[in-house]
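Presented below is the structure to which this report refers.
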Amino acid sequence: MTKPQTSFEKIWAAHVIEQLEDGSDLLWIDRHLVNEGTSVQAFIELEERGLPVARPTMNLSVADHFPPTRGRHDPLKPGWGRDLIFGLRDASQRAGVPHIDYLANDQGICHVIGPELGFVLPGMIAVCGDSHTSTLGALGAIAFGIGTSELTHVLATGTLASRMPKSMAVELSGQLAAGVTAKDLILAIIGEIGTAGGTGHAIEYRGEAVGALEIEGRLTLCNMTIEAGARSGLVAPDEKTYAYLRGRPMAPEGAEWDRAEAWWRSLPSDPDARFDRTIHIDAGGIAPQVTWGTSPQDVAPVDGKIPDPASFADPKRREAATRALAYQGLMPGMKMSDIRIDQVFVGSCTNSRLSDLQDAARLIRGRKLAVGVTGFISPGSTRVKQRAEAEGLDVLFREAGFEWRDSACSMCCGIDTAPPGTRVAATSNRNFENRQGREVRTHLVGPAMAVAAGLAGHFVDIRKELADA
Amino acid sequence: MPEPLRRLTGIAAALPIENVDTDMIYPGSTGKSLKRGDQARVALHRLRFSPEGEERPDFVLNKMPWREAKILVAGDNFGCGSSREMAVWALHEWGLRSIIAPRFGDIFYNNCCLNGLLPVRLERPIVDRLMALAQDPATATMTVDLQRCVVEAGGETYSFDIEQRAREGLLEGLDAIGMTLASADRIAQFGAAYRAALPWNAEPTRPLPQA
């Protein structure tokens, strides 16, 4: 009898080139998504050392942080962003690394196009110089973010030395209620375990509620694993995974697909596999979530209230909550649904896929943004934008008063910003101080909640909205 | 390649904030260059400077003796958030060589080890004690000894754990890429077997379509 293994352990073991004396493993890396935000420096360092890229086509480079979401086809303004966009393009070409031009139809946020193109597949180890690489674990891969030094190592060697993290199972029982999404699920998990709850661990999401999620929902779930402190989160591949990937431009075809699928079917965790930690959450009891503070763990159900910092037992948490409420300009005890917003941002690698936009558009029903509220949509990729337009979603958003923009990281990481003091309902992943502009106050929510808040001028219990529809 | 780091004695500064994220350490909008060597000004920019660009005189790293700090004693989950390695470069270029905290963001922790900035994980009660010592100029001088894996402060000695690979890398200032390339034959051998078993994993068997 071989020891029962987790999915993570099976994939990891298939990639171990050698065990190093220091207790880490030298891992074969299958895929590397390369973006202009963190990776241009890596090419420069390799050139300075005279080292070639080890396996050029395992890499795929695309500018996703800095392309403008407005006036995409205008000449780029001189500055840092343009230097990085062209710097990545030129360095990729010199190194023989496939590159997607920022004006091409395949352009998009790397964690959106990785699955969309079938570039990332189950059973792979995929890395990228961006912490939200955890997103790609939704396809049954090990995927994690790395820094510039490590991605330089990946470019030069096609490998990475790493120590196997501890394992953590997040068991999600029950079914999500209508109007409750993968975003609410992951926010509730982070609220439960905290932003350092998964530190040092690789998470596997399991259980009925996970199986019921479509792949795009699983991508959202795994995306914010990093906000729970874990570098990677994984959902074992199943029929939905195969159906999603079949026919994608870079996925295998024919006999090779059959071979691949047969292998993928061996990858789910064995029934008796042991995890170092297991967390149980009843997904059926989760309400739509809204963050109130400046850390993703500062989250409450929309029908709840802003907690009193004094209610936290831990003095450090009390201090942090007090600081967060001062920054956010909010009072303890206030009803979440009384928080008024100034702006809506729908976009980012967390919530910008077609189903997110469909989910958000369906709530509009001919209404318009509340007086004084602005908003824009930045689809996750140019393909998502085109598909949404084919369905007429752009018209629905525009008629409601939203601006329909191009695909990039945008307000998620402060490339597009709001004026000081603006309160934003954002579908992105980080509500840190000043992340979306100086003194900007961010509330993290799902796409339907963001749009509903824009229409009402404040957060609303979208379960009621949907029941009334 | 970072300079080796073995034993370090210097002023420690206290930053008693939880969940300091890499946006706080290195605001994306403030950076103007991606090159190592250009980043010191950006380190903890919004804590050090007002929106008008003036130094905040009450911030610890703007005051003596902590302006000379080599060690930072920080709150839990330091360096969470974005993977941006510039956050580590900025702190290192500003002059820090070690950060002590109960826990670190995983990616930030790795980035530290690869850039000569020693991350020390200690139990929270000990970090609280070190933070109190760091706040008094009379007791703010500490020693972090990576050879013995101890912190010496206030007449006490505290042991810490660090992965062997990270420790060796910091002690010797090793070139990780050079070390791996020394195993090129082993990698090629593995790659041949891997390509035979899982060809679609090794490289995309269908190239990126031309747009």
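Distance from the Cα centroid of region A:147-168 to that of region A:224-244 is 19 Å (rounded to whole angstrom).
Largest GNM mean-square fluctuation among B:ALA14, B:ALA197, B:ALA182, using chain B with Cα springs under 10 Å: B:ALA197. Residue-wise HN-Hα couplings along region A:237-244, as the Karplus relation 6.51 cos²θ - 1.76 cosθ + 1.60 with θ = phi - 60° gives them from phi, are x, 8, 4, 5, 5, 5, 4, 5 Hz; Gly and Pro carry x. In terms of its alpha-carbon gyration tensor, region B:7-174 comes out oblate; a/c meets the 1.5 threshold, while b/c is at least as large as a/b. Close amide-amide hydrogen proximity is noted between A:ILE279 and A:ALA169, A:VAL170, A:GLU171, each under 5 Å apart and 5 or more residues distant or on a separate chain (H modeled in the peptide plane; Pro and chain starts excluded).
Listing B:MET131, A:MET164 from fewest to most neighbouring C-beta atoms within 10 Å gives A:MET164, B:MET131. Distance from the C-alpha centroid of region A:40-87 to that of region A:281-342: 38 Å, rounded to the whole angstrom. Summarising the amide proton neighbourhood of B:ILE100: residues at separation of 5 or more, or on other chains, whose placed amide H is nearer than 5 Å comprise B:LEU72, B:VAL73, B:ALA74, B:VAL120. For region A:184-308, count all C-alpha to C-alpha pairs, find those more than 22 Å apart, and express that count as a whole percent of the total. That tail contains 44 percent of the Cα-Cα pairs.
Using a Cα-Cα cut-off of under 23 Å, which lysines could be cross-linked to A:LYS3, ignoring same-chain neighbours fewer than 8 residues away? Result set, ordered by chain and number: A:LYS166. Shown in residue order for region A:310-315 are the 3J(HN,Hα) couplings computed by the Karplus curve 6.51 cos²θ - 1.76 cosθ + 1.60 at θ = phi - 60°: 4, 7, 7, 5, 7, x Hz (x for Gly and Pro). Given a Förster distance of 56 Å, report the FRET efficiency between A:ASP258 and B:ARG36 from their Cβ-Cβ distance, rounded to the nearest 0.05. Computed FRET efficiency for A:ASP258 and B:ARG36: 0.70.
When the protein assembly as shown is described by a simple charge dipole with +1 on each Lys and Arg Cβ and -1 on each Asp and Glu Cβ, the residue from A:MET336, A:GLY23, A:HIS201 located farthest towards its positive end is A:MET336.
Between B:ARG48, B:ARG148, B:ARG186, the residue with the greatest mean-square fluctuation in the GNM of chain B (Cα pairs under 10 Å linked by springs) is B:ARG186.
Which of A:CYS409, B:CYS113 has the fewest other C-beta atoms within 10 Å, and how do the rest follow up to the most?
The order, fewest Cβ neighbours first, is B:CYS113, A:CYS409.
Between B:ARG148 and A:SER266, the C-beta separation translates, for a Förster distance of 56 Å, into a calculated FRET efficiency of about 0.75.
Of all beta bridges DSSP finds with both residues in the protein assembly as shown, what is the antiparallel percent, to the nearest 5?
Among the beta bridges of the protein assembly as shown, antiparallel pairing accounts for roughly 30 percent.
If R0 is 22 Å, the Cβ-Cβ spacing of B:ARG186 and A:THR2 corresponds to a FRET efficiency of close to 0.30. Taken one residue at a time, the phi angles of region A:329-337 give Karplus couplings (6.51, -1.76, 1.60, θ = phi - 60°) of x, 10, 10, x, x, 5, 5, 4, 6 Hz. Gly and Pro are set to x. Listed cross-link partners A:LYS183/A:LYS464; A:LYS305/A:LYS385; A:LYS183/A:LYS385; A:LYS335/A:LYS464 are compared with a 25 Å cut-off, the Cα-Cα value being larger for A:LYS305/A:LYS385. Using only alpha-carbon positions in region A:286-342, the gyration tensor eigenvalues give semi-axes of 18, 13, 10 Å once each is multiplied by 5 and square-rooted (largest first).
Once the Cα-Cα distance is subtracted from the 0.36 nm per residue extended length, the A:VAL16 to A:ARG463 segment shows a gain of 156.2 nm.
When chain B is treated as a GNM with alpha-carbon contacts under 10 Å, the residue of B:ARG121, B:ARG36, B:ARG195 showing the greatest mean-square fluctuation is B:ARG195.
Sorting A:223-234, A:24-35 by average packing, meaning the other beta carbons within 10 Å per residue, from highest down gives A:223-234, A:24-35.
Proximity of backbone amide H atoms, modeled 1.01 Å from N, is registered between A:GLU18 and A:LEU26 at under 5 Å, excluding neighbours fewer than 5 places apart on the same chain. Across all Cα pairs in the protein assembly as shown, the calculated P(r) in 20 Å bins from zero up to the longest distance comes to 19, 55, 25, 1 percent per bin. Put in line by how crowded their Cβ is, counting other Cβ atoms within 10 Å and starting with the fewest, A:HIS132, A:HIS201, A:HIS15, A:HIS73 read A:HIS73, A:HIS15, A:HIS201, A:HIS132. The modelled label-to-label distance for the pair A:LYS335/A:GLU319, using points 7 Å beyond Cα in the direction of Cβ, is 3.5 nm.
We did not get these values from a lab; they are worked out from the coordinates using the rules stated. Note that this is a predicted model, so its numbers are computed, not measured. Glycine also receives a Cβ, built like all others from the backbone with ideal geometry; neighbour counts cover every protein chain displayed.
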